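Below is one structure, written out as structure tokens, with a few remarks after it.
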Amino acid sequence: QVQLAESGGGLVQPGGSLRLSCVASGIVFRIATMGWYRQAPGKQRELVASIQTGGTINYADSVKGRFTISRDNAKNTVYLQMNSLKPEDTAVYYCNAYLFANYWGQGTQVTVSS
């Protein structure tokens, strides 16, 4: 059974930083494509960033230069470092793993507000 456990969300002021973590179990992590998605109220879930096994990384245009995705295969963990946060980054952030099927975490709330 695949489980993805996110942590690191919270309330932060505009311009601040947060780091999200996602620990995976029940999956061969080192060959899975890992990603972070987000869903704001009234909007569709959207890709924020993804990282493949070979290190290829993709970012949404809206977060390029501010967010950094990384993975530690020894710890079965993927990270999302979020800097220069904006109110429009407010959303529930979901960890995703893709290995022959999509797997999702429960989500962690990120709120950017003064």
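Residues Val48, Val23, Val2: which one is β-branched (Val, Ile, Thr) and in contact with a helix residue (DSSP H, G or I) (Cβ under 8 Å, 6 or more places away or on another chain)?
Step by step, each of Val48, Val23, Val2 is checked, and only Val48 is β-branched (Val, Ile, Thr) and in contact with a helix residue (DSSP H, G or I) (Cβ under 8 Å, 6 or more places away or on another chain).
Looking at the range 10-28 only, could you name the residues that are touching a Ser or Thr at 6+ places or on another chain (Cβ under 8 Å), over 13 Å from Gly105 (Cα atoms) and surrounded by 14 or more Cβ atoms within 10 Å (Cβ to Cβ)?
Hit for the range 10-28 is Val12, nothing else.
Just name the residue that is farthest from Leu99 (Cα to Cα) out of those in the range 35-67 that are among the β-branched types (Val, Ile, Thr) and open to solvent by less than 60 Å² (accessible area, probe 1.4 Å).
Top of the filtered list is Val63.
State yes or no: is Ala60 touching a strand residue (DSSP E or B) at 6+ places or on another chain (Cβ under 7 Å), over 14 Å from Tyr93 (Cβ atoms) and of a type in the set (Gly, Ala, Ser)?
For Ala60, the condition - touching a strand residue (DSSP E or B) at 6+ places or on another chain (Cβ under 7 Å), over 14 Å from Tyr93 (Cβ atoms) and of a type in the set (Gly, Ala, Ser) - is not met.
Can you name the strands (runs of 3 or more DSSP E) wholly within the range 23-114 that have at least 2 residues being within 10 Å of the chain's Cα centre (by Cα)?
By residue number, 33-39, 46-51, 67-72, 77-82, 91-98.
The values are calculated or read from the model by the stated rules, or taken from the named source; none is laboratory data. This structure is a prediction, so every number in the text was calculated from the model and none was measured. Virtual Cβ from ideal backbone geometry, glycine too; neighbours counted across all protein chains shown. Protein only, heavy atoms only, side chains kept; ligands, DNA and RNA dropped before computing areas. Shrake-Rupley method; radii C 1.70, N 1.55, O 1.52, S 1.80 Å.
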